[in-house]
Amino acid sequence: KARPDVGDDPMTWKEVFAAGRGGGCFAWALGIAVVALVFVWLAPIVYFALFERPYQSAGERWENFREAMSVWVRVATGCLGGLTMLAAAVRGAGAVSGERDQDTWISLVSTPLTTWEVLRGKWVGTVLGVRRLLAVQLVVWALGLAVGAANPFLVGLTALVLLVYVSGFAWI
């Protein structure tokens, strides 16, 4: 897969497109496991809420489904949010120490980049490094909003709070 041009911000480009690509098969397996653990609960929710009780009216079954989906959205948001913050903290902690361990820190500080440009690039790379987890979180929220199991205002507020916390954990 071809990488985009470096552009005017080489440190951010390095952190987003070149750094943190390790893990190989383990990283893919872990990602698939996380997605499976989040979405595997949809099948039982649909079955038990919509098909298990044929004696209930369609309105009652839909209300049971919305309630079950609401619980799923809340639990998935908490689990994914915690995992996202943990991933940002781990990646952020390794961003600078990884340069030192790989003996590239001296080369990095000898470039014409300012300290702020280096640290901002590391921070942006850390925040964008968890974008796949954030995308899974967006899918969870979209499903919750689509069936009326989540309040749009609270989803927006939760998204804002999650971004603030991920940004803070990235500095750690």
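Multiplying the residue separation of Gln56 and Arg74 by 0.36 nm and subtracting their alpha-carbon distance yields 3.9 nm.
In the chain, the C-alpha radius of gyration followed by the widest Cα-Cα span (Dmax) gives 20.5, 74 angstrom. Across the stretch 120-132, coupling constants 3J(HN,Hα) worked out from phi with the 6.51/-1.76/1.60 Karplus curve, θ = phi - 60°, read 5, x, 4, 5, 4, x, 5, 5, 6, x, 9, 5, 5 Hz, and Gly and Pro carry x. Against the chain, whose longest principal axis comes from its Cα atoms, helix 152-171 is set at around 30 degrees. Summed over the residues of the stretch 130-172 and divided among them, the accessible surface reaches 58 Å² per residue at a probe radius of 1.4 Å. Taking only alpha carbon atoms, the stretch 98-143 gives an Rg to Rh ratio of 1.23, where Rh is the Kirkwood radius.
Expressed in Å, the radius of gyration and Dmax of the Cα atoms of the stretch 129-172 are 11.5, 37. Once the Cα atoms are used to define both axes, helix 24-39 deviates from the longest principal axis of the chain by about 30 degrees. The Cβ shell under 12 Å around Ala87 holds other residues with a net charge of +3, Lys and Arg each +1, Asp and Glu each -1. Around Val38, what is the net charge, scoring Lys/Arg as +1 and Asp/Glu as -1 over all other residues with Cβ under 13 Å from its Cβ? Net of charged neighbours comes to +2. Taking 0.36 nm per residue of separation and subtracting the current Cα-Cα distance, fully stretching the chain between Trp171 and Arg3 would add 57.9 nm.
Of the residues Gly125, Gly59, Gly78, the one that moves most in a GNM of the chain with alpha-carbon contacts below 10 Å is Gly59.
Simple spin-label estimate for Phe26 and Arg120 gives 3.5 nm between the two label positions (7 Å along the Cα-to-Cβ direction from each Cα). A Förster radius of 35 Å combined with the Cβ-Cβ distance from Asp101 to Val35 puts the calculated FRET efficiency at roughly 0.70.
The values are calculated or read from the model by the stated rules, or taken from the named source; none is laboratory data. Given the structure is predicted, the values throughout are model-derived calculations rather than measurements. We place every Cβ from the backbone using ideal geometry, glycine too, and count neighbours over all the protein chains shown. For the accessible areas, the whole protein counts, side chains as well, though only heavy atoms, and no ligand, DNA or RNA atoms are used. Shrake-Rupley method; radii C 1.70, N 1.55, O 1.52, S 1.80 Å.
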